[in-house]
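The structure appears below as structure tokens.
The values are calculated or read from the model by the stated rules, or taken from the named source; none is laboratory data. None of these values were measured; they are calculated from a predicted model. Every residue, glycine as well, gets a Cβ built from its backbone with ideal geometry; the counts of neighbours run over all protein chains shown. These area figures cover heavy atoms from the full protein model, side chains too; ligands, DNA and RNA do not enter into them. Shrake-Rupley method; radii C 1.70, N 1.55, O 1.52, S 1.80 Å.
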Amino acid sequence: MKTRNIRHATLADVERIMQVLDAAKQVMRESGNKNQWVDGYPTIEAVLSDIERYGAMVVEDDGVVVAYFAFLPSPEPTYAAIYDGQWIDDTTPYHVIHRMGAVPTAKGIFASAMDYCFAVDPNIRIDTHRDNIIMQHLAIKHGFQYCGIIYLANGDERLAYQKML
């Protein structure tokens, strides 16, 4: 039985985090998601920014980092406007999950991450690319409600979800 731990990432984790994110990109490509996480994204700068904001999280199985996600407090600037829908609640502070990725051998990462996140904040938002069928499935499976479309700073569309306990 594996021992799973979720903790804040440190600078010492950055190299492994980038390896995990590269492995996650490969899973995306193999599942037909060829348009998300392109042109070097997520960058090392994004991960360093997450660490600086104390929102970089690693998931360890038996002491080995197998997944990464950013868990950041609101406000998320790209969530200020939502189209073709609405947030469940647009007044309560929330946390957002970004840049979630895992090595393909790690199972149950999303569930473990949600257990951790909802223990911290009962109001979570996520967004994902239209081609990311895996993340859309996981969000719905874990009780997130599809809320509408948001646009990133660069204009790219994302499907937005929210769950409140």
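Pairs meeting the criteria (first residue in the stretch 96-121 and more than 20 Å from ALA46 (Cα to Cα) and without any contact (Cβ under 8 Å) to a residue 40 or more places away in the chain, second residue open to solvent by less than 20 Å² (accessible area, probe 1.4 Å) and part of a helix (DSSP H, G or I), beta carbons under 9 Å, at least 6 apart or on different chains) are PHE110/ALA139.
Residue count for the stretch 123-149, restricted to those that are part of a loop (DSSP other than H, G, I, E, B) and among the basic types (Lys, Arg): 1.
Among residues of the stretch 55-72 that are at positive phi, those with a Cβ under 8 angstrom from a residue that is in a strand (DSSP E or B), sequence gap 6+ or separate chain, pair up as GLY63/ASN5. Of everything in the stretch 117-147 that is buried (at least 17 other Cβ atoms within 10 Å of the Cβ) and either of a type in the set (Ser, Thr, Tyr) or out of contact with any helix residue (DSSP H, G or I) (no Cβ under 9 Å at 6 or more places or on another chain) (or both), the residue that is farthest from ASN5 (Cα to Cα) is CYS147. In the stretch 33-88, the residue that is least open to solvent (accessible area, probe 1.4 Å) out of those that are among the β-branched types (Val, Ile, Thr), modelled with pLDDT of 95 or more and over 16 Å from SER112 (Cβ atoms) is VAL47.
MET100 - would you say it is closer than 24 Å to THR3 by Cα, open to solvent by less than 40 Å² (accessible area, probe 1.4 Å) and assigned to a strand (DSSP E or B)?
Working: closer than 24 Å to THR3 by Cα: yes; open to solvent by less than 40 Å² (accessible area, probe 1.4 Å): yes; assigned to a strand (DSSP E or B): yes.
Yes: the conditions hold for MET100.
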